[in-house]
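Report on the structure given below.
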Amino acid sequence: MRTLNVKLRRDLWTLKGQGLAIALVIASGIATLVMALASLDTLRLTQRSVYQSQRFADVFAELKRAPERIAERLIEIPGVAELETRVRAPVNVRLPGYDQPVTGLALSIPDGRQPELNRLDVREGRFPDPDRSDQALVSDAFADAHGLEPGDTLAIVIDGRFQQLTIQGIVLSPEFIYQVRPGDLLPDYERYAILWMNRSTLAAAFDMEGAFNSVVATVSPGQSPGRVVAGLDLLLAPWGGAGAYTREDQTSHRYLEDELTQLETIGTALPAIFIAVAAFLLNVVAARMIRNQREQIAVLKAFGYGNATIARHYLALAAVVVVIGSVAGLGFGLWLASLVAELYQQFFRFPWLEFRLRPQVVLTGIVIAGGATLLGTFGAVRQAFRLPPAEAMRPEPPARYRPTLMERLGIRGFSQPARIILRNLERHPWKSTLSVLGIALAVAMMMVTGFQVSAIGRMIDVQFRLVQKQDFTVTFTDPTSASAAHDLRGVPGVLYVEGFRTVPATLRHGHRSHRLSVQGYQADGRLLTLRDASLDPVQLPPDGILLTDRLGETLGVRAGDRLQVEVQEGARPVLTVRVAGLVREYIGIGAYMQRDALSRLLREGDALSGAFLAVDPREAERLPRVLEDMPRVAGVTGRERSIRVFDDLMDRSILVITFFSMGLAGIIAFAVVYNNVRIAFAERRRELATLRVLGFSHGEIRFILLGEVVLLTLLALLPGFLIGVGLSWLLTLGLQTDAYRIPFVLTPSAFALGAVVVLGATVLSSLFMLRALTRLDMVSALKAME
């Protein structure tokens with residue numbers, strides 16, 4: 001056994017290049033798995049921990065105004081464990097030195113102390129003094145965006161009244177882990193603020209003394225949240241209740257869940273692809289590497305070593321490579337996972353992170369990648385065992401030579417080295433096929449990572465250039481007369497105005513339901529154009545409702561079906577509306593009608609919730625502040641800013657893992673091609689030396705070896721593209737959430753990325769082999785064992 005241990009050390013040193021390449025494949029596969037799943041587990045564990053420790057509510061309700069005495073009846077609703085009333089008020093924020101309009105939401109807290117539900121994590125400073133009316137807490141995201149600290153001042157306009165406030169503390173809330181303005185899909189920390197003020201201060205400023213307009217509650221264990229929702233709706237309806245809803249419909253939680261679901265898809269799909277590809281490649285490479293040692297296996301058998309002993313020796317050789325790759329992959333993956341989790345914490349405002357790596361994640365990667373390597377090794381050794389030692393010590397018999405297809409077809413014009421390459425590929429079809437398939441999988445992996453970058457670009461183009469063409473969107477504090485559109489048209493710099501109406505509602509079809517706002521748009525509008533699945537324009541029907549395809553799937557409806565629309569404002573009518581068709585949007589979900597048709601169903605006059613504006617580009621910088629200073633204007637959103645925010649969202653979420661995965665895929669691609677070159681050289685070393693003795697030049701020898709590798713790479717591009725298309729399509733099926741859907745679109749850049757990286761890996765690997773070819777020892781290579 002000591003002899004075999006010496007041989008093991010020598011083999012490891014001799015095969016260090018190939019072994020390192022295999023270890024890189026293992027490390028890349030495991031690193032991808034650990035990075036994705038450990039960061040996902042960390043975010044999930046952190047979410048549960050934050051929700052529990054900060055007592056995040058289970059049920060929420062908003063209303064117009066109710067006297068505080070009603071709270072005594074609300075707490076008696078069956079299933080309610082704990083309930084808290086509060087005041088919430090929209091505000092406009094003014095910051096010194098910042099000329100863009102800032103909107104926000106002010107929430108009440110018990111004077112000078114923590115609320116019982118949705119408790120706040122104080123990052124800096126402290127709670128407002130209970131007897132002070134000029135102090136407030138601000139959200140951590142808004143403070144970071146503007147560099148605010150305790151002691152700084154800001155001004156707010158609340159219910160038309162100006163008030164100066166001092167920032168007493170910077171806080172995080174489980175209610176705003178995803179801090180987004182109502183009606184928006186993407187967070188804009190610079191222009192949307194959350195403030196917390198003493199209950200007495202906010203109630204006095206918003207005319208809510210002795211009253212409340214918001215309720216949060218927790219549900220007793222084993223009780224149904226739906227029962228609590230129904231009870232709140234019944235009691236709050238006379239007081240202008242806008243419809244209670246559970247945590248699943250709470251804005252921050254819903255978007256957080258969507259993002260984590262999408263991350264889970266990426267974190268499962270990409271590592272699964274990487275590990276599966278790595279397993280296949282390792283099997284092939286390990287088998288070919290060990291097969292080249294058939295003569296050594298025969299010598300060991302001739303000296304009396306048993307099959308089991310020899311098998312353990314070669315399995316130990318593979319195991320060392322697996323251990324090196326696994327340890328490197330685990331360490332690198334943990335580092336990447338912590339980096340990804342920290343990046344996500346900047347986007348999702350968690351107070352802390354609880355990092356976790358499940359042992360089964362690491363074990364799964366090691367078992368799959370390592371098992372494939374050991375299986376390939378054992379298969380190759382097992383084949384060698386079948387041969388008697390005397391036969392195995394001879395070189396493999398030459399292939400059965402016969403005229404090749406090229407010769408039978410009479411194709412001429414190729415040089416002798418070129419004919420050698422083509423003959424070798426045809427006479428070893430299985431080996432050539434496996435080489436092509438291995439390189440093709442490397443191409444496909446690069447395509448999958450490049451595909452996501454292309455798809456996100458398409459999302460932006462469709463949503464913000466084909467569907468939404470307005471320069472600014474203005475929202476009003478309350479439904480307003482259509483005359484407000486005329487006021488907007490009179491603002492210098494505004495070129496065109498289209499009013500819209502939004503109505504909060506719950507859509508029901510059978511047992512399925514979804515809470516959102518029905519959008520009423522101008523029939524002949526030019527600034528917002530809905531699109532079908534082919535991205536052709538869709539006209540709003542004179543009656544009926546259009547749904548986005550994602551919403552249609554959620555509700556299980558098709559064109560012609562009937563929907564129940566439960567309006568959550570005003571008289572709260574329950575309407576039955578026909579589904580006129582489905583439209584395609586990649587960001588968000590929606591339900592759309594003609595504004596006139598929606599007004600008729602609501603039995604109201606021509607009211608507006610906001611307007612789309614086309615403006616003079618020269619006035620685009622100053623207009624937001626001018627518009628926000630107008631009466632009844634709650635906020636102004638610019639399309640170009642939305643695009644920048646969306647880019648930032650993608651950069652911090654999907655593209656983070658994509659770019660890391662792209663680098664790891666590039667490592668795998670290089671390792672695969674490099675192993676192909678090394679093994680091809682080892683298998684043809686004797687043949688190449690023979691050709692040198694027969695008078696072939698160094699250049700011709702290089703052409704034969706490297707030309708074959710380049711030809712295999714070129715042959716692998718087309719199947720690699722096809723596999724990449726299939727994998728990309730499967731990936732899009734899992735990346736479907738309410739927040740956004742990744743479209744199945746492959747641009748030339750995705751194909752080019754796969755081709756360029758693999759061809760580059762081929763060139764780089766070939767450069768490494770040039771030195772070995774130059775130093776080829778013809779005498780030792782031509783020695784044959786007898």
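Taking the stretch 458-579, how much of its Cα-Cα pair set, in percent, is spaced more than 20 angstrom apart? It would help to have the intermediate numbers written out before the result.
Numbers: 3881 of 7381 pairs.
Cα-Cα pairs in the stretch 458-579 separated by more than 20 Å: 53 percent.
For VAL583, the residues whose modelled amide H falls within less than 5 Å of its own, excluding neighbours fewer than 5 places apart on the same chain, are LEU547, THR548, ASP549.
With a 1.4 Å probe rolled over the protein heavy atoms of all chains, the accessible area of HIS253, HIS486 falls in the order HIS486, HIS253, largest first.
Residue ranking by accessible heavy-atom surface, 1.4 Å probe, largest first, among TYR521, TYR496 comes out as TYR496, TYR521. Across the stretch 356-368, rounded Karplus estimates of 3J(HN,Hα) from the backbone phi angles (6.51 cos²θ - 1.76 cosθ + 1.60, θ = phi - 60°) give 9, 10, 5, x, 5, 5, 5, 4, 4, x, 5, 5, 5 Hz, Gly and Pro being marked x.
Taking amide H atoms as placed 1.01 Å from N in the peptide plane, the amide H of ASP58 lies under 5 Å from those of ALA217, THR218, VAL219, each 5 or more residues away in sequence or on another chain. FRET efficiency for the GLU248 to VAL693 pair, using the beta carbon distance and R₀ = 56 Å, is estimated at 0.15.
Spin-label pair ARG312-LEU375: with each label point 7 Å from Cα along the Cα-Cβ axis, the two points sit 2.4 nm from one another. Modelled spin labels at GLN539 and LEU764, positioned 7 Å past Cα toward Cβ, are 5.7 nm from each other. Between the amide H of VAL102 and those of VAL93, distances stay under 5 Å, these residues lying 5 or more places away or on another chain, with hydrogens modeled in the peptide plane.
Across the stretch 104-234, the fraction of Cα-Cα pairs farther apart than 18 Å, rounded to a whole number, is 58%.
So between ARG382 and LYS16, what do we pick up on full extension, going 0.36 nm a residue minus the alpha carbon distance? List each step's numbers first, then the result.
Working: separation 366, 0.36 × 366 = 131.76 nm, distance 2.32 nm.
Once the chain is fully extended between ARG382 and LYS16, it gains 129.4 nm.
In order along the stretch 529-534, the Karplus-derived 3J(HN,Hα) couplings, from 6.51 cos²θ - 1.76 cosθ + 1.60 at θ = phi - 60°, round to 10, 6, 10, 8, 5, 8 Hz, and Gly and Pro are given as x. Ignoring aspartates and glutamates fewer than eight residues from LYS301 along the same chain, the ones with Cα atoms less than 19 angstrom from its Cα are ASP11, GLU391, GLU396, GLU786.
The values are calculated or read from the model by the stated rules, or taken from the named source; none is laboratory data. All figures in this text were calculated on a predicted structure; none of them were measured in a lab. Note that each Cβ is placed from the backbone with ideal geometry, even for glycine, and that neighbours are counted across all protein chains shown. Ligands, DNA and RNA are excluded from the accessible area calculation, which covers all protein heavy atoms including side chains. Shrake-Rupley method; radii C 1.70, N 1.55, O 1.52, S 1.80 Å.
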